[in-house]
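As structure tokens, the structure follows; a few thoughts come after it.
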Amino acid sequence: MVKHVAIIMDGNGRWAQKRNKKRTVGHYYGSENVRNIALEALDMGIEVITLYAFSTENWKRPEKEIEYLMKLPAVFFDKFLDELMEKGIAISTIGDLSRIPEKTRKVMENAVEKTKHNSKLTLNFALNYGSRDEIVRATRELVRDQPVEITEEVFSSYLDTSDFPEVDVLIRTGGDKRLSNYLLWQLAYAELVFLDLAWPDFTRDEFRKCISEFEARERTFGGL
Ligand code: FPP
């Protein structure tokens with residue numbers, strides 16, 4: 001069973017530009033598509049989807065685009081929070097939210113708080129997330145705590161993803177075949193799927209097809 005799917009939602013900007021629209025229009029349709037994929041994941045009994053919504057590198061984008069991306073959570077939750085409650089979907093976040101504008105952080109915290117008793121699916125947003133940053137933050141805490149033993153399990157428990165099962169599948173849309181500083185530790189044994197489709201064009205059917213392929217496959221984690 002696939003329990004945890006990580007997604008890099010790439011190709012929004014190009015999707016919009018191809019239609020002679022501003023890049024932010026692509027992000028808007030991209031956020032609408034989060035709903036579609038969440039509903040499909042819910043139907044399939046997946047436990048967690050972790051979505052790369054804003055990376056530690058995305059601060060290098062034009063100010064206007066950053067501003068828009070920071071407003072998107074409010075737009076998204078205004079529209080869908082009731083439905084998320086109805087369907088039993090919980091919201092969570094990973095990444096360093098201390099650098100996110102206060103308004104956006106409050107919107108995320110409110111969604112996390114309101115949905116915290118929902119248990120059907122967790123929609124986990126990676127915001128101001130970078131894997132190297134996460135590993136450095138984890139190491140800082142580890143050094144501070146000085147645990148008796150440092151094992152893989154102990155180290156994992158210091159990562160932002162400590163509450164979640166192992167990532168089974170990574171899907172990246174948009175045509176590029178790289179990890180872009182996303183979940184480097186967590187993807188150690190994950191199946192990787194790179195698709196040419198832009199994120200706003202990635203349908204529920206396509207998602208189901210990707211996942212079903214791996215449900216049939218036996219993973220050996222290096223054994224036989
Ligand atoms: C990459 O596409 C995508 C992002 C940097 C942002 C993705 C965010 C969303 C889809 C919205 C998330 C939803 C919520 C509610 C926070 P790109 O702009 O790099 O595309 P390009 O490669 O075509 O330029």
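The values are calculated or read from the model by the stated rules, or taken from the named source; none is laboratory data. Everything numeric here is computed off the predicted structure, so don't read it as measured data. All Cβ positions, even for glycine, are placed from backbone atoms using ideal geometry, and neighbour counts span all protein chains on display. The accessibility values were calculated without ligands, DNA or RNA, using every heavy atom of the protein model including side chains. Shrake-Rupley method; radii C 1.70, N 1.55, O 1.52, S 1.80 Å.
A few notes on this one:
- Yes/no for residue 86 being in a helix (DSSP H, G or I), closer than 16 Å to residue 204 by Cα and open to solvent by 10 Å² or more (accessible area, probe 1.4 Å): no
- Considering the conditions (1) crowded, with 18+ Cβ neighbours inside 10 Å; (2) in contact with a strand residue (DSSP E or B) (Cβ under 9 Å, 6 or more places away or on another chain); (3) within 23 Å of residue 43 (Cβ to Cβ), residue 200 is excluded by exactly one of them, (2).
- Residues located in region 5-25, provided they are open to solvent by 10 Å² or more (accessible area, probe 1.4 Å) and within 7 Å of the ligand (Cβ to nearest atom): 9, 10, 12, 14, 15, 23
- Members of region 26-56 that are within 12 Å of the ligand (Cβ to nearest atom) and more than 15 Å from the chain's Cα centre (by Cα): 26, 28, 29
- Residue count for region 21-62, restricted to those that are aliphatic (A, V, I, L, M) and free of Cβ contacts under 8 Å to residues at least 12 places away in the same chain: 1
- Selected residue [more than 25 Å from residue 176 (Cβ to Cβ) and at pLDDT 95 or above] from 53, 74, 16, 6: 74
- Test: residue in region 159-168 that is at pLDDT 95 or above, on the phi < 0 side of the Ramachandran plot, open to solvent by 70 Å² or more (accessible area, probe 1.4 Å) and not acidic (Asp, Glu): no
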